[in-house]
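The values are calculated or read from the model by the stated rules, or taken from the named source; none is laboratory data. Keep in mind that what you see is a predicted model, and the values were worked out from it rather than measured. Counting neighbours? That spans all protein chains shown, and the Cβs are built from the backbone with ideal geometry, glycine included.
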Amino acid sequence: MQILLSFFYFFYFALIGVYIIFLPKVLSLSGYSASDIGIIFAAAPLVRFVVPFLFIKGLKLDARSFNYALLIMLLSASAFYFSLDNFYKLLFSNIGIGVGISLILPYIELIALNFLGKEHYGKTRLFGSVGFILVALILVKFLTPPSVAFTYLLILAISTVIVAFFIVAGHKEVLSQTSKLENDIDILRDWKLWLGLTLMQVGFGPFYNFFTIYETDFGLSLDMTIYLWSFGVIVEVFMLFFQGKFLRGNLLLVLQLTTFVTALRWFLVYLFPENLPILFFSQSLHALSFALFHSAAISYLFHLYKHKSLAQQFFSGITYGFGAFVGALYSGYLYQYYPELLFLSASFIALIASFSLYSWGRTRLNG
């Protein structure tokens, strides 16, 4: 099972690499405006936000619905071939990708945490980072024409779907055990926690959707920009391999510190968009602001709530869904009209996220 999980993370995050690094640049080169790109790439996270609430209303995540999600993601990846010439076709292709992502990853994460435990999760999850970096280094050499990026997207979608199908086929009982539990997740009661987690992803909007465009507009070559992406993923791999000891302690403190470091990271990109040593240093902080933050967040929610499958669905939907939706949308409009303020805004948002998580910790101590 560990081998299958490793392959899943490899293919899934290689697909994500094509999606977030190259597709925005493909659309930019094809004549789409920054606001158009922001709207298009806001569609998938918006769907991720909506889906978890459907489970509260009675939708069941069983093997059948999971397999439907695999099919939808596969068809949506295929649809990109026929969508480049039309804004609405691209929008609906992204909505389909969003449906697949919103259902597939949270369930696989739940299986991984059950099977591996939080201290060994990172050593399997790091294969996703390897997939991400390899596709970045390879695809940058063959990006023209745009169909190359779409071909990679489709091949990786097929590979992800096949591996996910076999993982879920052997672990249907994991979801059935937790889905029978009463929902103990109260977003309004725990709003400071969920606000902090969500704002962290809002602040990532400029990075995920416009970092490649931002740096190339400042004069960096596409190759050098990809090296920056790749370096961030390399340090992420090291953190995932060695992070076990950090996850044995106070997970909430880890979340508070990693959000604060992220605010510093975006502030450095704002101040020094052309300074390569500082940009590489800021990318080294990806080990904390993504790898350690993500592992600490899913582990914290896994132990905080009894309904573990729904907790992972909400984490995916609210933070990577709604948070990424807002981040993509606002960063698109901000970059079109005030591009110099893009990463300053991201820094401010991450700082608020850190304060919100600090306030949540104070509430827990006093409550």
Seminar exercise, completed: Exactly one of 186, 223 is surrounded by fewer than 24 Cβ atoms within 10 Å (Cβ to Cβ), outside any helix (DSSP H, G or I) and not small (Gly, Ala, Ser), and that residue is 186
Exercise. Residues that are modelled with pLDDT under 90 and closer than 22 Å to residue 13 by Cβ: which helices (runs of 4 or more DSSP H) entirely in region 290-367 hold 1 or more of them?
Worked result: 293-304, 308-314, 324-337
Exercise. Which numbered condition trips up residue 245, out of (1) buried (at least 22 other Cβ atoms within 10 Å of the Cβ); (2) at pLDDT below 85?
Worked result: (1)
Exercise. Yes or no: residue 282 under 26 Å from residue 227 (Cβ atoms) and of a type in the set (Ser, Thr, Tyr)?
Worked result: yes
Exercise. Does residue 302 fit the bill of being within 18 Å of residue 124 (Cα to Cα) and either of a type in the set (D, E, K, R) or under 19 Å from the mean Cα position of the chain (by Cα) (or both)?
Worked result: yes
For this session: Would you mind finding the one in 359, 284, 354 that is more than 25 Å from residue 44 (Cα to Cα), surrounded by fewer than 18 Cβ atoms within 10 Å (Cβ to Cβ), within 20 Å of the chain's Cα centre (by Cα) and polar (S, T, N, Q)?
Result: 284
For this session: Would you be able to tell me the number of residues in region 88-123 that are touching a residue at least 60 places away in the same chain (Cβ under 8 Å) and out of contact with any helix residue (DSSP H, G or I) (no Cβ under 8 Å at 6 or more places or on another chain)?
Result: 0
Seminar exercise, completed: Taking region 305-342 and keeping residues over 18 Å from the mean Cα position of the chain (by Cα) and closer than 20 Å to residue 218 by Cβ leaves 333, 334, 335, 336, 337, 338, 339, 340, 341, 342
Exercise. If residue 224 satisfies every condition in (1) closer than 29 Å to residue 298 by Cβ; (2) in contact (Cβ under 8 Å) with a residue 40 or more places away in the chain; (3) among the aliphatic types (A, V, I, L, M); (4) touching a Leu at 6+ places or on another chain (Cβ under 8 Å) but one, which is the exception?
Worked result: (1)
